[in-house]
1. If you stretched the chain out fully between Ala40 and Glu194, how much longer would it get, using 0.36 nm times the residue separation minus the C-alpha to C-alpha distance?
2. Treat the range 98-245 as a sphere of radius equal to its Kirkwood radius over Cα pairs and apply Stokes-Einstein at 25 °C in a medium of 0.890 mPa s; give the translational diffusion coefficient in µm²/s, rounded to a whole number.
3. Calculated FRET efficiency, Ala51 and Gln82, Cβ-Cβ r, R0 25 Å, to nearest 0.05?
4. For the chain, build the convex hull from the C-alpha positions and give me its volume per residue in Å³.
5. How big is the gap, in Å, between the Cα center of the range 251-272 and the Cα center of the range 95-136?
6. If I model a spin label at Val218 and Ala19 as a point 7 Å from the Cα along the Cα→Cβ vector, what separation in nanometres do I get?
7. Given springs between every Cα pair under 10 Å in a Gaussian network model of the chain, which of Gly234, Gly209, Gly33 has the largest fluctuation?
8. For the pair Trp237/Ala165, report the inter-label distance in nm, with labels modelled 7 Å from Cα in the Cβ direction.
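Values in this text are rule-based calculations from the coordinates and carry no lab data. Small disclaimer: the values here were computed from a predicted structure and weren't measured. Here the Cβ positions follow ideal geometry from the backbone for every residue, glycine too, while neighbour counts run over all protein chains shown.
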Amino acid sequence: MFAVSDLHVTFAENREFIASLPAFPHDWLLVAGDVAEKVADIEWTLRALRARFATVVWVPGNHELWSLGTDPVQLRGEARYQYLVAMCRRVGVITPEDPFPLWRGADGPMVIVPLFVLYDYSFRPEGTTTKSEALAVAYETGIVCSDEAVLYPDPYPSRDAWCHARVQVTEPRLAELPRGIPTLLLSHFPLTREPTLVLKYPEFAQWCGTELTADWHVRFGARVVVYGHLHIPGTTWQDGVRFEEVSFGYPGEVEIYPDRPRCLRQILPTEPECCATGTTVAVTKSV
Ligand SMILES: [Fe+2]
Ligand SMILES: [Fe+2]
C-alpha cells in the first residue's frame with residue numbers, strides 16, 4: 001500500500017510524474033488531498049491513478065474545495081464536495097462517503113478510514129483564545145491562507161461550522177468500527193496539532209486541523225495515520241502510532257528542500273522509507 005498527498009498537478013512537472021508512473025496492479029494507493037483545484041484536473045489524475053492501482057482511496061484537501069473563477073464547475077462548499085464524490089464513484093475511487101474498505105494485504109487486516117473533517121481555527125497562535133483573535137494575528141503578519149478567499153463553506157455559515165458538521169457525521173461511523181481490527185486513518189489535514197508546531201509561520205496552523213480529532217488515533221485504534229497539507233513529508237510517532245506526512249509538494253520546493261523525496265510512500269507492509277518514483281521503487285533516506 002502506497003500513499004501520497006499534495007500532488008498539485010496544476011504544475012506541469014507534477015502532472016508529468018503522474019503520467020510517467022508505471023502500473024502497480026496488486027497495490028493500493030491512498031491519495032490524501034490537494035490533487036488540484038479544477039475538477040477536470042482532479043478527474044484526470046484520479047483516472048490515471050485508478051488505471052495503475054488495484055484500489056485508489058481519495059480524501060479532499062482544501063485545494064479541491066476551492067471555487068476558482070477559471071473552473072467551468074462553479075459549485076461551492078458541500079455541493080462541490082458531493083460533486084467530487086459523484087465523480088469518484090464514476091471513476092471507481094473510494095471516498096469518505098463510502099463504506100470503509102478492509103485491507104487484507106501484508107500487515108493486515110486493517111480498516112482504511114478516509115476522513116473529511118476540515119479545520120476550525122482551533123490550532124491558534126500563542127496568546128490568542130478565539131478564532132477572531134487568531135485570524136487578526138494572521139492578517140497582521142500577512143500569513144493568511146488562500147482558503148479565506150476561495151474555499152466557500154456553503155451552505156454552512158463558516159468553514160469551522162462545516163468542520164463541526166463533518167466531525168458530527170464522522171465520529172459515529174468511527175465508533176461503530178469493529179473492535180480488534182486496527183485502523184488506518186487517512187486525512188488531508190493533520191489530526192493532531194503536533195506536526196504543525198514546526199511550521200515556519202505558526203499563524204498558518206489555524207487552517208490545518210481541529211482539536212476535536214486530537215485523540216482519534218487512540219480512540220479509534222489506529223495503527224497508522226496518513227495525512228498531508230503541510231508539505232513536510234516524514235514519519236513521526238505519537239502514543240505509539242505511526243504518523244506519515246506524505247506530501248509530494250510544489251516543484252519549487254525541490255530546490256529549497258532537495259533532501260525531501262518526491263514519490264509515493266510505501267505505508268504497508270511496514271518497510272519505512274520505501275519510495276516509488278516515476279520509474280522505480282527505491283529506498284530513500286528518511287526525512
Ligand atoms: Fe498542498
Ligand atoms: Fe492543503
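1. Gain on stretching Ala40 to Glu194: 52.0 nm.
2. 152
3. Once the sixth-power term is evaluated, E becomes 0.55.
4. Output value, Cα hull per residue: 126 Å³.
5. Centre-to-centre (Cα) distance: 21 Å.
6. My value for the distance between the label points is 4.8 nm.
7. In the Gaussian network model the winner is Gly234.
8. My value for the distance between the label points is 4.1 nm.
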